[in-house]
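Below is one structure, written out as structure tokens; comments come after it.
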Amino acid sequence: MTDSTTGTGPAHDADSELVIRGLRVAPAAAPDHEILQGIDLSVRTGEVHAIMGPNGSGKTTLAYALMGHPAYVVKGGEVLWKGRNVLALSADKRARLGLFLAFQYPTAIPGLSVASFVRSALNARLQGIDKNPDVDPTDPMRGGVSMLDFRRRMRAKMALLRMDDAFATRYVNEGFSGGEKKRLEMLQMAMLEPEIAILDETDSGLDIDALRIVAEGVNAQLNPNLGVLLITHYQRLLNYITPDFVHVLAEGRIVKSGGKDLALRLEEEGYGPILREAGLDTGVSDEALQVPHAPGEGDGQPARDAAPVGAR
């Protein structure tokens with residue numbers, strides 16, 4: 001039987017489970033201030049785990065720490081994947097090992113086309129973490145992908161995400177709308193075929209139509225070889241992507257876990273009752289701990305791109 005607190009069950013192949021134990025993380029600018037204070041979580045391939053929590057709970061910190069963002073310092077704990085200590089690896093090696101992070105606020109790279117960017121990332125992924133000398137990503141006869149096959153695959157994935165072919169010639173995220181930025185994140189995920197995907201507030205800044213398209217792109221990629229850690233501020237995303245597990249993150253810890261019914265309870269009651277059940281003193285009213293509506297929800301107006309905020 002599966003443990004809904006962590007998502008773990010009986011012993012199984014370590015290559016199919018990301019295990020996080022006692023993870024403690026602080027910002028590099030204030031290393032004595034731990035944002036994450038002991039995260040225990042396991043994500044198997046084939047599972048979708050949603051992380052929800054109030055502002056300041058550490059959701060984005062968790063995503064960035066898992067991928068090795070230099071703005072964060074790991075103070076304790078371990079992260080295991082495929083028999084390796086992920087925390088000892090550089091960010092690019094974590095990606096080569098099959099981890100993927102979709103950013104909440106993707107960065108623009110003027111002068112670099114989408115096609116070139118994605119092909120370079122795919123070539124690096126094909127080489128593997130140890131850069132197998134027998135694999136030459138530029139040589140189809142040595143494990144690589146020919147330019148023709150790459151273009152065919154890219155076209156198919158772009159069609160899945162309802163992206164025009166001309167998108168491939170544009171510079172990465174330069175002049176992109178919020179929806180286009182998130183679709184490019186999903187395109188990278190589709191092309192790289194990771195085994196663990198961390199989606200950091202992929203719904204942020206999207207109107208309902210763009211959200212539906214991005215969610216369809218995620219759903220189309222779900223398979224037994226992909227585990228998803230879905231970090232969201234709004235319950236609405238879970239109307240489109242059904243999670244196997246929902247976890248509430250507060251004050252740097254996971255204080256409650258359950259199924260989708262937990263997300264529905266959060267939408268109805270807010271975080272206040274659950275935080276009190278966990279013995280936390282919120283110090284604010286329950287109204288301040290309501291699960292927020294996305295911009296534009298309920299007023300007929302489209303969501304607008306939000307401005308970046310600090311570490312959360």
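The values are calculated or read from the model by the stated rules, or taken from the named source; none is laboratory data. Source: prediction; values computed, not measured. Note that each Cβ is placed from the backbone with ideal geometry, even for glycine, and that neighbours are counted across all protein chains shown. Remember, those area values only see protein heavy atoms, side chains included, never the ligands or the DNA or RNA. Shrake-Rupley method; radii C 1.70, N 1.55, O 1.52, S 1.80 Å.
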In Å², rounded to a whole number, the accessible area per residue of segment 83-174 with probe 1.4 Å is 54 Å²
Placing +1 on each Lys and Arg Cβ and -1 on each Asp and Glu Cβ in the chain, then taking the dipole about the Cα centre, the residue among Leu184, Val218, Pro110 whose Cα reaches farthest towards the positive end is Pro110
With +1 at each Lys and Arg Cβ and -1 at each Asp and Glu Cβ, the charge dipole magnitude of the chain around its Cα centre, to the nearest 20 debye, comes out at 960 debye
For Lys59, the lysines lying under 25 Å Cα to Cα, once residues fewer than eight places off in the same chain are dropped, come out as Lys75, Lys82, Lys93, Lys181, Lys182, Lys256, Lys260
Connecting every pair of Cα atoms under 10 Å apart in the chain and solving the GNM, the largest mean-square fluctuation among Leu36, Leu160, Leu237 falls on Leu160
Residue span Ser113 to Tyr171: 0.36 nm per residue of separation minus Cα-Cα distance leaves a gain in nm of 20.5 nm
Expressed as a whole-number percentage, the relative contact order of segment 67-131 with C-alpha contacts under 8 angstrom and at least six residues apart is 36 percent
If the chain between Arg21 and Arg276 were fully extended at 0.36 nm per residue, the gain over the current Cα-Cα distance would be 89.4 nm
Tilt, helix 147-160 to longest principal axis of the chain (alpha-carbon atoms), in degrees rounded to tens, equals 30 degrees
So the FRET efficiency between Ala121 and Glu269, C-beta based with R0 = 35 Å and rounded to 0.05, is 0.25
One would report the antiparallel percent of DSSP beta bridges in segment 44-203, rounded to the nearest 5, as 50 percent
Yeah, segment 7-125 with a ≥ b ≥ c from its alpha-carbon gyration tensor (a/c under 1.5 is rounded, else prolate when a/b outruns b/c, oblate otherwise) is oblate
Relative contact order as a percentage, the chain, C-alpha pairs under 8 Å and 6+ apart, gives 24 percent
A chain fully extended from Asp261 to Met147 at 0.36 nm per residue, minus the present Cα-Cα distance, gains in nm 36.4 nm
For Arg162 and Asn132, extending 7 Å from Cα along the Cα-Cβ vector and measuring point to point gives, in nm, a value of 3.8 nm
For the chain, longest principal axis from Cα atoms; helix 260-269 axis from its Cα atoms; angle between them, nearest 10 degrees, is 50 degrees
In deg cm²/dmol, rounded to the nearest 500, the helical mean residue ellipticity at 222 nm of the chain, built from -39500 (n - 2.57) for every DSSP H run of length 4 or more, is -8500 deg cm²/dmol
Of Leu23, Leu97, Leu264, the most mobile residue in a GNM of the chain (C-alpha springs, cutoff 10 Å) is Leu264
Within the set Arg142, Arg94, Arg170, GNM on the chain using Cα springs under 10 Å gives the largest fluctuation to Arg142
For the chain, the accessible surface attributable to carbon and sulfur atoms (probe 1.4 angstrom, ligands and nucleic acids excluded) amounts in percent to 50 percent
Among beta bridges assigned by DSSP with both residues in the chain, the antiparallel ones amount in percent, to the nearest 5, to 60 percent
Quick numbers on segment 213-278, Rg and Dmax over C-alpha atoms in Å, give 12.9, 38
Under the rule rounded for a/c under 1.5, else prolate if a/b exceeds b/c, else oblate, using alpha carbon gyration tensor axes a ≥ b ≥ c, segment 147-211 is classed as oblate
1/(1 + (r/R0)^6) with r = Cβ-Cβ of Asp139 and Asn239, R0 = 41 Å, i.e. FRET efficiency to nearest 0.05, evaluates to 0.35
Taking r as the C-beta separation of Asn223 and Glu180 and R0 as 22 Å, the FRET efficiency to the nearest 0.05 is 0.30
